[in-house]
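All remarks here apply to the structure that follows.
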Amino acid sequence: MDNFPLDSAGVWTEQEALSIYKGKMERLRMLYMGQLSRLGYLLQERRRRFLQEWQAVGGAREKALLPSEGGNKHDIAYRCYRKRTLEQGLLERKQKLKRVTATLDLYTKKELKDTNRSHYQHLVKLQQQLKANNSTPCTTTGCNQLSLPFAAKCSKHIVEDSKQQLYTSCSYTGPNGTTCNNPVPKYLEPLLCGGHWDQGEVVIPSDTESDSDHDDDDNDERKDDDDDVKVKNEN
């Protein structure tokens, strides 16, 4: 008796369809397992034949691979396999060098771009901090720049502030008696701004002068000590 009377009609219930597909999947699984076992058997058989042939001709191969015969010919042939020479080899080396140079230039440009970006961000952050710490403008009329920290003037008019003790005017005097009012830090020697630095003489004390000064100080101290001793003896 047929288990599926409506099999030829093309209409099945849900249980019948599941049972049909279950049987087909089971048969397919059995076929795959049989094919896998067959492939395993073929692999073992071919490996057995390969080992037999290897043992049979092993002595002849070892004799052919001796150093006296010129080394391993297989390795020598593989080393030169698809190796370009003459004009093709020269073109290949040039292309390789070109690719390496382009890659290095790309990474260098990227690093420079990142460095400039970080430097710009640092300057913007510093400017924002300066505005946050001191947001008052310069007290000089007509000047819209921000004043220096803890000061009432900007960097151009800081000399006009009578309370500051860090800056002074440039000491340059022109041929017509003109003077320069650019601010200069007091620790510079000479007191010249960047525009007139080349026209002044920088005084750098030498080692001989410093040694002579120390010698003069020692002589003065000795003279004072001798005078004190003479006064004590007279008394």
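The values are calculated or read from the model by the stated rules, or taken from the named source; none is laboratory data. Please read all numbers here as calculations on a predicted model, not as lab measurements. With ideal geometry, Cβ positions are generated from the backbone for all residues, glycine too; neighbour counts draw on all protein chains shown.
Taking the numbered list (1) part of a helix (DSSP H, G or I); (2) surrounded by 10 or more Cβ atoms within 10 Å (Cβ to Cβ); (3) at pLDDT below 70 in turn, GLY71 passes all entries but (1). When you look at GLU189, is it modelled with pLDDT under 80 and within 41 Å of the chain's Cα centre (by Cα), yes or no? Against the criterion (modelled with pLDDT under 80 and within 41 Å of the chain's Cα centre (by Cα)), GLU189 qualifies.
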